[in-house]
Amino acid sequence: MKKRLLFVCLICLCIFLCACEASEPKQISWEPVYNTHDICGVQASRMLPEGTTKRDLTEAEIAGVVPETLLVGGKITGTAYFKPDKELYYMALQMQQGEYIASVLLGDISWGGCCMSVTFDGYAKRTCFCDTTEYALFRRDNKCGLLIGHGKVNGIPLLVRMEADDPGEIQPVFENILENFVRYKQDSLNVSWLKP
């Protein structure tokens, strides 16, 4: 009887330790590297393709895409744009992080918040890896503190844009958003289930 009780206690301890280990954030290897972005390249047409429809996203839909760690402490709203065949074109999220707002785009991104060039492969002179996700990061310091990050998470293009007078104020928040998408969604991010 004592052996059984000891065995049950050991099993419970193992389960508890595994649960504690699973709840710890995954360690990410990352050293952000920024490109200077003072001159815009190819300008983007802001017109949506003919037949595109849009609708606001529900809180549940947003929670199905945004990592849980980013859902805490700020309001997130979003709009989804759909192609005529009802497939998702892209989604645009406005994510409040403290006193700052981040614009997060997922899907067929053809506009980088200032020009389309930042989304072109090879446009960034330098890229960096956040775990296995390659990001192109840009900083514009001439008139305003604009930060732009572009990459693919689980094959889905992701673009994050933040702006403030001093980019140093928003840089930790900006990098945290990019890192959290990699940390929690790099294998599971999926937007194909969103429908008009």
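The set of residues from segment 71-120 being within 17 Å of P157 (Cα to Cα) and of a type in the set (D, E) comprises E87, D108. Is it fair to say L146 is open to solvent by less than 60 Å² (accessible area, probe 1.4 Å), in contact with a strand residue (DSSP E or B) (Cβ under 9 Å, 6 or more places away or on another chain), farther than 29 Å from G51 by Cβ and not hydroxyl-bearing (S, T, Y)? Taking the combined requirement at face value, the residue satisfies it.
A quick yes/no check of all residues on (1) small (G, A, S); (2) part of a helix (DSSP H, G or I); (3) at pLDDT 90 or above:
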position	(1), (2), (3)
I109	no, no, no
D121	no, no, no
A124	yes, no, no
E134	no, no, yes
N176	no, yes, yes
E179	no, yes, yes
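Just for strands (runs of 3 or more DSSP E) wholly inside segment 1-107: which have at least 1 residues that are open to solvent by less than 100 Å² (accessible area, probe 1.4 Å) and at pLDDT below 90? If you could, list the steps in order and put the result at the bottom.
Values: elements: 34-36, 53-56, 76-82, 88-97, 100-107.
Strands (runs of 3 or more DSSP E) meeting the threshold: 88-97, 100-107.
Here's the yes/no breakdown for (1) farther than 19 Å from Q96 by Cα; (2) in contact (Cβ under 8 Å) with a residue 60 or more places away in the chain; (3) of a type in the set (F, W, Y):
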| site | (1), (2), (3) |
| --- | --- |
| R140 | yes, yes, no |
| I148 | no, yes, no |
| V153 | yes, no, no |
| R161 | no, no, no |
| D166 | no, no, no |
| S188 | yes, no, no |
| S192 | yes, yes, no |
| K195 | yes, yes, no |
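Of the residues making up segment 64-108, those that are among the polar types (S, T, N, Q) and without any contact (Cβ under 8 Å) to a residue 24 or more places away in the chain are T77, Q94, Q96.
Tallying residues that are among the β-branched types (V, I, T) and closer than 12 Å to M162 by Cα within segment 174-189 yields 1.
The values are calculated or read from the model by the stated rules, or taken from the named source; none is laboratory data. Quick caveat, the model's predicted, so the values are computed rather than measured. Note that each Cβ is placed from the backbone with ideal geometry, even for glycine, and that neighbours are counted across all protein chains shown. Accessible surface areas use protein heavy atoms only, side chains included; no ligands, DNA or RNA. Shrake-Rupley method; radii C 1.70, N 1.55, O 1.52, S 1.80 Å.
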